[in-house]
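One structure is given here, and the rest of the page talks about it.
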Amino acid sequence: MVRGADAAEQISDLRAPSAVALGAPTSPLWGEGKEADGEAEDSPWPDLVLIDGGAGQLTAAREVLKALGVEVPLIAIAKGPDRDAGRETFFIPGRDSFKLPPRDPVLYFVERLRDEAHRFAIGSHRARRRRDLRQAGLQEIPGIGPARKRALLHHFGTLKEIERAAVTDLMQVDGISAETARRIYGFFHDGTA
């Protein structure tokens, strides 16, 4: 069962370290007050949860799932020394940590899962950051509302291009006066115009 893509939109904001913030992304994924029993094919719960991290992340995940009343097998996977792929350490509750041989096909498969999860998370984070910048960046400037924001983004294409623009370039946009252009320029350049 894959839940990451569906759940990514439910994850609101993670500014704390991952072990501490784990409760925030996990709770919406698992729901409140659901029972973890039932037929395997009807169950909303995965057969196994892989945690990207070490013993600390495993402990945090166990606490969150316990608070939700969910019993699902967990395995945490920590990168090796110097974050060296192929030297991962596996943590399973109630067992000693262990490593798989470097060329083990299971290790290769788990590495690919982790790398894909990282690619998805990084891509989602970048897209959200771009969207947040577009939504918040210009609206913080006095005198810039939705219409002027649209005009600026239509003219320059990106927030980065607006940031790079000179006052005279900004004045070329419909609805942007000299005073507004100076405010925009000042916003991106520490108040200098």
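Quick look at the numbers
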item	result
Net charge over other residues, Cβ less than 11 angstrom from the Cβ of L107 (K, R count +1; D, E count -1)	+2
Distance between modelled label sites at S124 and E179, nm, 7 Å Cα→Cβ extension	4.5 nm
H189 versus R87: modelled label distance in nm, points set 7 Å from Cα along the beta carbon direction	4.9 nm
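Every read-out reported here was derived from the displayed coordinates using simple, explicitly stated rules and does not represent laboratory data. From a predicted model like this one, the values you see are computed outputs, not experimental measurements. Heads up, the Cβs are rebuilt from the backbone with ideal geometry, glycines too, and the neighbour counts pull from every protein chain shown.
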